[in-house]
Amino acid sequence: ELWSLYSQNKSKFRGPKLPAENMTYDEVIRFTNELSKAEGLEACYVFGRQSIIWRKKYKCLGYRLPTEAEWEYAARGGLKGVGGSMQNIAWVYENSNKQTHVVGGKNPNGYGLYDMLGNVAEWVWDKHEDFNKDPVVDPTGAVKSKFQIRRGGAYSTSERFIRVSDRYALDSSNAHGFLGFRLVRTAPIVE
């Protein structure tokens, strides 16, 4: 199954070090489960009748999409602001030639992560809802919503519009050449 997911690459821009893009939310979830199984890890998601269920939440050690809160924490890289020109860390409309670029081609953020902003926007786990004004620990988004969240801006986004805090709601059936994903795993607790 994993090979068929690789061989059916629908990316608008293809290359061994280019980000995968042009996948619907459901396709990303299926890929995530298959990659986990291929590496002997548990699949974190189950397809229900009308929704996808994140099994065991943070206790699942297979591959998964980051939550919106995890994505933003990672994107900030331990810094309060990006500082300097966005073009030093991101492929944006002004420097991308309207296409994706090799992952890691720009400077990393404070955590050593590349392409958190620009190149491709990224699906995250959360369904769309307005933010709660009360403090929340480890939020995972709405239980029911027609829309999923994407974060990060893309090669097609002007640098003046890319911000770590920006979020966009999209129907999960959307697939675009500017929309990709980033996988994470929960680190096991060592006692």
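The values are calculated or read from the model by the stated rules, or taken from the named source; none is laboratory data. Keep in mind that what you see is a predicted model, and the values were worked out from it rather than measured. Every residue, glycine as well, gets a Cβ built from its backbone with ideal geometry; the counts of neighbours run over all protein chains shown. For the accessible areas, the whole protein counts, side chains as well, though only heavy atoms, and no ligand, DNA or RNA atoms are used. Shrake-Rupley method; radii C 1.70, N 1.55, O 1.52, S 1.80 Å.
At-a-glance table
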| quantity | calculated |
| --- | --- |
| Gaussian network model of the chain, Cα within-10 Å springs - most flexible of Lys56, Lys146, Lys133 | Lys133 |
| Computed helical MRE - 222 nm, the chain, DSSP H runs ≥ 4 contributing -39500 (n - 2.57), nearest 500 | -4500 deg cm²/dmol |
| Highest-fluctuation residue, Val120, Val46, Val92 considered, GNM on the chain with Cα pairs under 10 Å | Val46 |
| Accessible-area composition of the stretch 35-119, carbon plus sulfur, in percent [1.4 Å probe] | 53 |
| Size of the chain as Cα extents on the principal axes (Å, biggest first) | 45, 42, 38 |
| Residue-normalised accessible area of the chain, given per residue in Å² at a 1.4 Å probe | 58 |
| Sparsely packed trypsin sites (Lys or Arg not before Pro) within the stretch 59-121, loop by DSSP, other Cβ within 10 Å at most 15 | Lys80, Lys98 |
| Projected label distance in nm at Glu39 and Arg160, using a 7 Å step from Cα toward the beta-carbon | 4.1 |
| Stretchable slack from Val184 to Tyr111, in nm (0.36 nm times residue separation minus alpha-carbon distance) | 24.8 nm |
| Inter-part distance where the stretch 89-136 and the stretch 143-172 are each reduced to a Cα centre, Å | 9 |
| Most mobile listed residue (Asp126, Asp134, Asp171) in the chain, GNM with C-alpha springs under 10 Å | Asp134 |
| Rounded, prolate or oblate (a/c below 1.5 giving rounded, otherwise prolate when a/b exceeds b/c) for the stretch 14-125 by Cα gyration tensor | prolate |
